[in-house]
Amino acid sequence: MELVLFYYTLLMLLVSILVAAVCLSAYLVSRKKTMLFLSVAFAFYFFDISLVFQDEFIVRSCGDALTSGYLVVRSLASVVTGGGFVTAFWVLLCDYLNETRRTVFVMPPAIFAIASVAMLVMIPDGDLQRFWFWSIRQFYMYWILLYAGYSFLRQQDEAERARMWRHRALYAVTWAIGLLVLAEDCATFLVMDLASVNLDALVFSAEHNYAENLLMLVIGVAAVRNAVRMLSLRFERPPAQGGSKQQEQQIIENLNVFATRHKLSQREREVLYLILLGKDNQNIASEMSLALFTVKVHVHNILKKTGDASRQELIQGFWKMS
């Protein structure tokens, strides 16, 4: 059984670092911040799982001779790694929703860190302490899901709602597995006491937490699919005449959201669409039956509203958001 758990943990480590690497590659190509945040999340999760190996090595090497200093450092390391990967998801959501309020951005990770330390200090050593310590991480994830749902319900712009609605399946699955994570913690620490490695102040084991591992695998699959799609699109060199069906579909899906955020007129949206397909001003003028000077004015206005210095920056800005 121990050998199975050993290779299971290795597999989770491998998956975490591969997802982080693929997402980082997609970010370097597209400069899309979502990919960067996903890469950071899975890098933190890699180190979170690595702590399991550290615990097992220490226990097998030293037996019960674990110093209080080690326990303190180990607990704080878990706060950093656990808070790191969940906070990366929170930052991702804030960026996706174009949330710029500093208070909303900073408060959740600060509360998580304070609450985690408080569980270690205020609750006596035992299963109840371990349960609440690990559950703080789950409540942080629930906050992210609740905020995402609230943002969708209060969103008035139909284009934004449609953009968010496309992720409904992942949202529902994340909720379902997220509740399983809490249920597994309840079973492990409050009902059956299944922990295999006891470090006095906290319990850490290769089995902790199957449901959480499953949740990260689901998110990882979704992240890799999105990254692969990103890598398949040419970012730095958009096609000179039109684009692939995949690229055109993604432009259509995100054009209204981008245009609404930057308050583009209907005519400017039409010009932007052709710019994103790689057409120059003369081709845009011919296709839209407009004077070349009129097209230049529209392009100038688009660049002014988006704050971009060139068409290339405009195109890159669009793909970063999409």
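The values are calculated or read from the model by the stated rules, or taken from the named source; none is laboratory data. Note that this is a predicted model, so its numbers are computed, not measured. Cβ placement follows ideal geometry from the backbone for every residue including glycine, while neighbour counts extend to all protein chains displayed. The accessibility values were calculated without ligands, DNA or RNA, using every heavy atom of the protein model including side chains. Shrake-Rupley method; radii C 1.70, N 1.55, O 1.52, S 1.80 Å.
A few notes on this one:
Table: residues versus (1) under 12 Å from MET216 (Cβ atoms); (2) among the hydrophobic types (A, V, I, L, M, F, W, C).
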site: TYR7; (1), (2): no, no
site: LEU14; (1), (2): no, yes
site: ALA21; (1), (2): no, yes
site: LEU24; (1), (2): no, yes
site: LEU28; (1), (2): no, yes
site: ARG31; (1), (2): no, no
site: THR34; (1), (2): no, no
site: LEU38; (1), (2): yes, yes
site: PHE46; (1), (2): yes, yes
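- Residue check for ILE136: open to solvent by 40 Å² or more (accessible area, probe 1.4 Å), part of a helix (DSSP H, G or I), free of Cβ contacts under 8 Å to residues at least 40 places away in the same chain and in contact with a helix residue (DSSP H, G or I) (Cβ under 9 Å, 6 or more places away or on another chain): no
- Matching residues in the range 9-39 - criterion: being open to solvent by 60 Å² or more (accessible area, probe 1.4 Å) and either within 16 Å of GLY84 (Cα to Cα) or in contact with an Asp or Glu (Cβ under 9 Å, 6 or more places away or on another chain) (or both): ILE17, LYS33
- Leading residue by the ranking (least open to solvent (accessible area, probe 1.4 Å)) among those in the range 283-322 that are among the small types (Gly, Ala, Ser) and over 33 Å from the mean Cα position of the chain (by Cα): ALA285
- In the range 139-163, the residues that are at pLDDT 90 or above, over 17 Å from PRO109 (Cβ atoms) and in contact with a helix residue (DSSP H, G or I) (Cβ under 6 Å, 6 or more places away or on another chain): PHE152
- Yes/no for ALA88 being open to solvent by less than 60 Å² (accessible area, probe 1.4 Å), assigned to a helix (DSSP H, G or I), aliphatic (A, V, I, L, M) and at pLDDT below 95: no
- Looking only at residues of the range 170-205 that are within 23 Å of ARG74 (Cβ to Cβ) and modelled with pLDDT of 90 or more, we find that the one that is surrounded by the fewest Cβ atoms within 10 Å (Cβ to Cβ) is LEU182.
- The set of residues in the range 119-133 being of a type in the set (Val, Ile, Thr) and open to solvent by 70 Å² or more (accessible area, probe 1.4 Å) consists of VAL121 alone.
- The condition of being polar (S, T, N, Q), closer than 20 Å to LEU214 by Cα, at pLDDT below 95 and open to solvent by less than 20 Å² (accessible area, probe 1.4 Å) holds for only one of SER78, SER116, that being SER78.
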